[in-house]
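This report concerns only the one structure given below.
The values are calculated or read from the model by the stated rules, or taken from the named source; none is laboratory data. In this text the structure is predicted, and so the values were computed from the model without any measurement. When we count neighbours, we look across all protein chains shown, and the Cβ atoms used for this are built from the backbone with ideal geometry, even at glycine. To get the accessible areas, we keep the full protein, side chains included, count just its heavy atoms, and leave off ligands, DNA and RNA. Shrake-Rupley method; radii C 1.70, N 1.55, O 1.52, S 1.80 Å.
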Amino acid sequence: MNKRLIKLANEKNSIKVAIVGAGKMGKGLVNQMTRIKGMVPALVINRNVKKALYALLSAGIREDDIIVSNSLKDINFALERGKYAVSEYMDLAAKAYGIQAVVDATGVPEVGAKLSLDAIENKKHIIMLNVEADSVVGPILYKQAQEAGVIYTGTAGDEPGAVMELYDFAVGLGFEVLVIGKGKNNPIDLDANPDTVYEEALRKDLKPHMLAAFIDGTNTMIEMTCMANATGFVPDVSGGHGVESNIDNLTNIFKLKEEGGILNKYKIVDYVRGIAPGVFLIFTTNLEEIHKQLEYLNMGPGPNYVLYRPYHLTSLETPNTIYEACVNNRATIAPTEGVIADTVTVAKRDLKAGERLDRIGGYTVYGSIEEHEIAKKENLVPIGLIDENTKVLKDIKKGEFITYDMIELDTSKSIYKLRKLQEEQIG
């Protein structure tokens, strides 16, 4: 990869990328890309354009080399001259001339849906740092991208992408994968909201809604949903087991009940408190000789073994995915298996008919992973469809799963329309 990128840079044919969202993830990506030859964060977009500008300035880009504009003509002219551009208009990401890939670093489901559609329509690769959208409409976007001849992909560095790295490695070597999962660095607090996490969010330079979504578990459920849709693995139980463990004890816990473990079945996705920020995979083999060699290689006594990646670098690894999409036409992780799981909506408090819900990481709802077939049968609503326009139609108790007949969704949203299309075409 490095040699190919250097060659592209020397040929003055660097990969030009548009990044939408200049928060913590987007800003980190912009900074990191400025240190990579052959890849340029050419266009940075944020609804607060000053944040987009600062993302480039903080990376050492001279202000004289940056144009600030909402004009497609001006942006195209700047990019042709080798300048950088910033804007507040999201739709320019897919329309700008010379842009090969669009990165969604917003984390907003509706933005992810619309931005992906625009990118695919304009024949640009779309890289999703937006697992919130991917978990709801990723399968249909992946299908449309395939039909358009472009790549739709999640990103290296996010936990689903890091798990996929282990999964591809193990499957590629001929092992049988039994469990995949991620670490979580704190116990789930289902009552967490932007107020309760406000001070911690400020210390960590995070938006309170984002931190609340981490702490109430929604983000973990969404990431596991993306893992499920990419591998066909399902949650063993609704919401996952979420055990506390170290690496050494994982194979003792994640085995079938009849074997002394907690699982009802294999080929499942879960999360573990105690191994963050890592991701893990449990595999086995039916060959005695391979068991002997794995024990010789200090992988443990078997019959099950752990692969562990003790880190994930979030958006700082996204350049790897950009390269794979633009040069090798390959996705890091994509919902190739269809709709396997959903992150469904649960009431965070008692809700009254007539009030409005909010959004992921808010005050009214949280998410829980469920098998798609169960969610479909029970009429459960994916949390990515919920926003401030969602109206409660009947009283809902705290902890109750929210069904479509309990609420009125905004049917004008791109993500709602895509989800309906996904249900018609994929299931």
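Do we find that Gly82 is free of Cβ contacts under 8 Å to residues at least 40 places away in the same chain, within 17 Å of Val40 (Cα to Cα), small (Gly, Ala, Ser) and open to solvent by less than 60 Å² (accessible area, probe 1.4 Å) in this structure? Yes, satisfied.
Scanning the range 30-68 for residues that are free of Cβ contacts under 8 Å to residues at least 60 places away in the same chain, of a type in the set (Val, Ile, Thr) and assigned to a loop (DSSP other than H, G, I, E, B) yields Thr34, Ile61. Set side by side, the residues Gly161, Gly107 differ, and just one is buried (at least 24 other Cβ atoms within 10 Å of the Cβ), of a type in the set (Gly, Ala, Ser) and part of a helix (DSSP H, G or I), which is Gly161.
From the set of residues in the range 114-158 that are part of a strand (DSSP E or B) and among the hydroxyl-bearing types (Ser, Thr, Tyr), which is nearest to Thr332 (Cα to Cα)?
Across the range 114-158, the extreme among qualifying residues is Thr153.
Taking the criterion of being farther than 30 Å from Thr285 by Cβ and either charged (D, E, K, R) or open to solvent by 60 Å² or more (accessible area, probe 1.4 Å) (or both), the residues of the range 167-202 that qualify are Asn185, Pro187, Asp189, Leu190, Asp191, Asp195, Thr196, Tyr198, Glu199, Glu200, Leu202.
Restricting attention to the range 69-93, and to residues there that are farther than 19 Å from Ile15 by Cβ and assigned to a loop (DSSP other than H, G, I, E, B), which single residue is nearest to the chain's Cα centre (by Cα)?
Met90
When each of Ala192, Ala170 is tested for being small (Gly, Ala, Ser), over 22 Å from Val279 (Cα atoms) and touching a residue at least 12 places away in the same chain (Cβ under 8 Å), the lone residue that passes is Ala192.
For (1) open to solvent by 50 Å² or more (accessible area, probe 1.4 Å); (2) in contact with a Gly (Cβ under 7 Å, 6 or more places away or on another chain), each residue gets a yes or a no:
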| position | (1), (2) |
| --- | --- |
| Leu316 | yes, yes |
| Val365 | no, no |
| Gly384 | no, no |
| Lys417 | yes, no |
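Put simply, of Pro301, Pro277, Pro335 the only residue that is in a loop (DSSP other than H, G, I, E, B), within 20 Å of Val179 (Cα to Cα), touching a Pro at 6+ places or on another chain (Cβ under 8 Å) and open to solvent by 60 Å² or more (accessible area, probe 1.4 Å) is Pro277. Could you please find all residues in the range 304-319 being more than 16 Å from Phe169 (Cα to Cα) and either among the acidic types (Asp, Glu) or part of a strand (DSSP E or B) (or both)? Within the range 304-319, just Glu317 meets the criteria.
Taken together, Lys73, Lys37 contain a single residue that is in contact with a helix residue (DSSP H, G or I) (Cβ under 8 Å, 6 or more places away or on another chain) and open to solvent by 40 Å² or more (accessible area, probe 1.4 Å), which is Lys37.
Within the range 412-427, residues that are assigned to a loop (DSSP other than H, G, I, E, B) reach partners that are of a type in the set (Asp, Glu) with beta carbons closer than 8 Å, at six or more positions or on different chains, in the pairs Lys413/Glu110; Lys413/Asp387.
With respect to being of a type in the set (Val, Ile, Thr), in contact with a Gly (Cβ under 9 Å, 6 or more places away or on another chain), buried (at least 18 other Cβ atoms within 10 Å of the Cβ) and within 20 Å of Lys184 (Cβ to Cβ), Ile247 falls outside the description. The one condition from (1) crowded, with 18+ Cβ neighbours inside 10 Å; (2) closer than 19 Å to Thr231 by Cα that Ile322 does not meet is (2).
Of the candidates Met210, Met224, the single residue that is among the hydrophobic types (A, V, I, L, M, F, W, C) and open to solvent by 10 Å² or more (accessible area, probe 1.4 Å) is Met210. Restricting attention to the range 280-297, the residues that are over 22 Å from Gly183 (Cβ atoms) and either surrounded by fewer than 18 Cβ atoms within 10 Å (Cβ to Cβ) or in contact (Cβ under 8 Å) with a residue 40 or more places away in the chain (or both) total 12. Taking residues in the range 255-274 that are at negative phi and among the β-branched types (Val, Ile, Thr), and partners anywhere that are in a strand (DSSP E or B) and open to solvent by 50 Å² or more (accessible area, probe 1.4 Å), the pairs with Cβ atoms closer than 9 Å and at least 6 places apart or on different chains are Val272/Glu244.
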